[in-house]
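Each remark here refers to the structure printed beneath this line.
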Amino acid sequence: MNSENIYHPLEKKSIRLLGIVPALPDEQIECVLTTIHSIEDTPDFEALSYVWGETISPHSILCNGVRMTVTQNLEEALRYLRPLPS
C-alpha cells in the first residue's frame with residue numbers, strides 16, 4: 001500500500017472520510033479521501049471497519065489518484081457499497 005502520499009497527520013478533532021466515486025460494478029474502484037478539520041462540521045456518513053481480512057485483493061483501488069492495494073474483503077465491500085452512476 002502506498003499511503004504516504006495521501007495520509008497527513010490529523011489535527012485534534014479532525015477525521016478522514018472516504019467517498020466512493022460512482023461507477024459500474026466491473027469498473028475500477030476510485031475513492032476520494034477528505035479531511036474534515038472540525039468534527040462538529042462532519043457531514044452525515046456511514047462507518048465501515050476496514051482492518052479485517054489478510055488476503056490481498058488482486059485488484060488495486062485509486063484513492064486521490066494514488067494506486068493502493070487493499071484486502072479482498074475491503075475491495076468487495078467497496079464494490080458492494082459503491083453507488084451506480086446517475
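No value in this document is a laboratory result; all are computed from the given coordinates. Because the structure is predicted, anything quoted here is derived from the model rather than measured. Positions of Cβ are generated from backbone atoms using ideal geometry, with glycine treated the same way; all protein chains shown enter the neighbour counts.
Observations, loosely collected:
- Selection count where residues are more than 23 Å from S86 (Cα to Cα), surrounded by fewer than 14 Cβ atoms within 10 Å (Cβ to Cβ) and in contact (Cβ under 8 Å) with a residue 60 or more places away in the chain, scope the stretch 20-68: 1
- As a summary of the residue check, N5 satisfies the conditions (1) part of a loop (DSSP other than H, G, I, E, B); (2) in contact (Cβ under 8 Å) with a residue 40 or more places away in the chain; (3) within 17 Å of A77 (Cβ to Cβ); (4) not aliphatic (A, V, I, L, M) except for the one numbered (3).
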